[in-house]
Amino acid sequence: MRVAVYYRNSDVRIEERPRPRPGPGEVLVRIEASGICGSDVMEWYRIQKAPLVLGHEIAGVVEEAGAGVTAYRPGDRVFATHHVPCGSCPRCQNGHPSTCETLRTTHFDPGGFSEFVRVPKLQVERGILKLPDSISFEEGSFIEPLGCVVQGHRFAKFSSGRSVLVIGSGLAGLLHIQLAKAEGASRVFATDLVDYRLNAARRLGADAVFKASDDMPEKLRAANGGHLADLVVTCAGAAGAIQQGLRSVEPGGTVLFFAPTSPDTEIPIPFWDLWRNEITLINTYAASGEDLISAMNLIRDRKVKVADMVTHRLPLSKALEGFRLTAEPKDSLKVILFPHQGG
């Protein structure tokens, strides 16, 4: 079978590998749609493990079911997640399954940028959802990224009537905008450096958009009745974006750090202001099984319109072009690879 092997952002090669075979309790999934995530092009992180087959935003069809698998059979339309928690460790029991050590060691064989993947037994038991007929494979590939956003809002204890500022209007930021509107936000604001993304943010529900280089507290107050934002979501890992978020939150509000920085980045915080104004700082990583189900239902009910975010649909043979578009997003939002399409 064909796979797209990552060496670096500028070097993604189409190679041939044996098609994996499912063992007992496992399934083989024919990949119909596989989204390129912003984390896939974090070269400083990915290059440490290269070469490897990336891809974790997938939807497809069960091709084969291993011995003992009764819940799924060939022909089932499915979404599968690459990471699943054990469900029984203290971290899982305390409501933080994304920090489970088991979750951080689970993965597909070989990865979603391929024609087929073997889904290991634990993922079959805890990480596969059957897709309703009303959800296309393309839409199904959004379940994982939207699930991460759902978890972020849950951790932030988001409730209707709150104002939201999303810093960074890439794919994750646009999902946050749509989810905030679906959950009853009073007003949603967005920033970015790229006009193309600001226009997308406005089209997908932002009440006002700002250039990231603007004086954000001043602009935000002018657009929000003299107030800052009740919830600030930082979807850009740049130090400046994070500091901007810390200056843009209303007293009693929350800052959700959604995008990571590189491990060696240190960012000073205005501790006195945060303490005096009772600001809550939280961060979130990945998504729980319940959040993935919620994401699938939001897509099914068209409360979050993910198909409107796809700008490029490419065959697997053009994976390198897809990585370029994702790493340099001047005129792209979401790139999806279709491994069994020609080209």
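The values are calculated or read from the model by the stated rules, or taken from the named source; none is laboratory data. These figures come from a predicted structure and were not determined experimentally. As a convention, Cβ positions derive from the backbone with ideal geometry for all residues, glycine included, and neighbour counts pool all protein chains shown.
Residue count for the stretch 251-279 under the criterion of being touching a Leu at 6+ places or on another chain (Cβ under 9 Å) and closer than 19 Å to H153 by Cα: the result is 7.
Does any residue of the stretch 271-280 turn out to be among the acidic types (D, E), touching an Asp or Glu at 6+ places or on another chain (Cβ under 7 Å) and closer than 30 Å to D214 by Cα? Within the stretch 271-280, not a single residue is among the acidic types (D, E), touching an Asp or Glu at 6+ places or on another chain (Cβ under 7 Å) and closer than 30 Å to D214 by Cα. Return the residue satisfying two criteria in turn: it lies in the stretch 209-225 and is surrounded by fewer than 16 Cβ atoms within 10 Å (Cβ to Cβ) and under 19 Å from Y196 (Cα atoms), and of such residues it is modelled with the highest pLDDT. Once the filter is applied, the top-ranked residue is K211. When V310 is tested against (1) farther than 18 Å from L146 by Cα; (2) assigned by TED's automatic domain parsing to the domain that holds S114, just one condition goes unmet, and that condition is (1).
For the criterion of being out of contact with any helix residue (DSSP H, G or I) (no Cβ under 7 Å at 6 or more places or on another chain), without any contact (Cβ under 8 Å) to a residue 12 or more places away in the chain and surrounded by fewer than 16 Cβ atoms within 10 Å (Cβ to Cβ), E125 fails. Is it the case that the stretch 225-246 has a residue that's among the small types (G, A, S), under 30 Å from V41 (Cα atoms), touching a residue at least 60 places away in the same chain (Cβ under 8 Å) and in contact with a Pro (Cβ under 6 Å, 6 or more places away or on another chain)? No, because not a single residue in the stretch 225-246 is among the small types (G, A, S), under 30 Å from V41 (Cα atoms), touching a residue at least 60 places away in the same chain (Cβ under 8 Å) and in contact with a Pro (Cβ under 6 Å, 6 or more places away or on another chain). Scanning the stretch 244-273 for residues that are in a helix (DSSP H, G or I), surrounded by fewer than 16 Cβ atoms within 10 Å (Cβ to Cβ) and not charged (D, E, K, R) yields F271, W272.
For the stretch 178-187, does any single residue satisfy the condition of being within 21 Å of E218 (Cα to Cα) and in a strand (DSSP E or B)? Checked the stretch 178-187: at least one residue is within 21 Å of E218 (Cα to Cα) and in a strand (DSSP E or B).
When the stretch 1-27 is filtered for residues that are assigned to a strand (DSSP E or B), exposed (fewer than 13 other Cβ atoms within 10 Å of the Cβ) and not acidic (D, E), only R13 remains.
When the stretch 174-195 is limited to residues that are β-branched (V, I, T) and more than 16 Å from F158 (Cβ to Cβ), the one that is nearest to the chain's Cα centre (by Cα) turns out to be T191.
Among all positions in the stretch 137-148, there is no residue which is over 20 Å from D301 (Cα atoms), at pLDDT 95 or above and not in a helix (DSSP H, G or I).
Can you confirm whether E115 is touching a His at 6+ places or on another chain (Cβ under 8 Å), touching a residue at least 60 places away in the same chain (Cβ under 8 Å) and in the same structural domain as G60 (by TED's automatic domain parsing)? Taking the combined requirement at face value, the residue satisfies it.
Restricting the first member to the stretch 61-90 and to residues that are closer than 17 Å to Y285 by Cβ, and the second to residues that are of a type in the set (S, T, Y), the beta-carbon pairs closer than 6 Å and six or more apart or on different chains are H83/T106; V84/T106; P85/T102; C86/T102.
Can you pull out every residue in the stretch 91-112 that is in contact (Cβ under 8 Å) with a residue 24 or more places away in the chain, outside any loop (DSSP other than H, G, I, E, B) and of a type outside the set (D, E)? Step through it out loud before you land on a result.
Initially, the stretch 91-112 is screened for residues in contact (Cβ under 8 Å) with a residue 24 or more places away in the chain, giving 97-99, 103, 106-112.
Next, from what is left, pick out any that are outside any loop (DSSP other than H, G, I, E, B): 97-99, 103, 109.
Of everything in the stretch 91-112, those that are in contact (Cβ under 8 Å) with a residue 24 or more places away in the chain, outside any loop (DSSP other than H, G, I, E, B) and of a type outside the set (D, E) turn out to be P97, S98, T99, L103.
Which ones in the stretch 44-86 are within 22 Å of the chain's Cα centre (by Cα), of a type outside the set (V, I, T) and assigned to a loop (DSSP other than H, G, I, E, B)? Passing the criteria: Q48, K49, A50, L54, G55, H56, H82, H83, P85, C86.
Scan the stretch 311-328 and tell me whether some residue there is touching a Pro at 6+ places or on another chain (Cβ under 6 Å) and modelled with pLDDT of 95 or more.
yes
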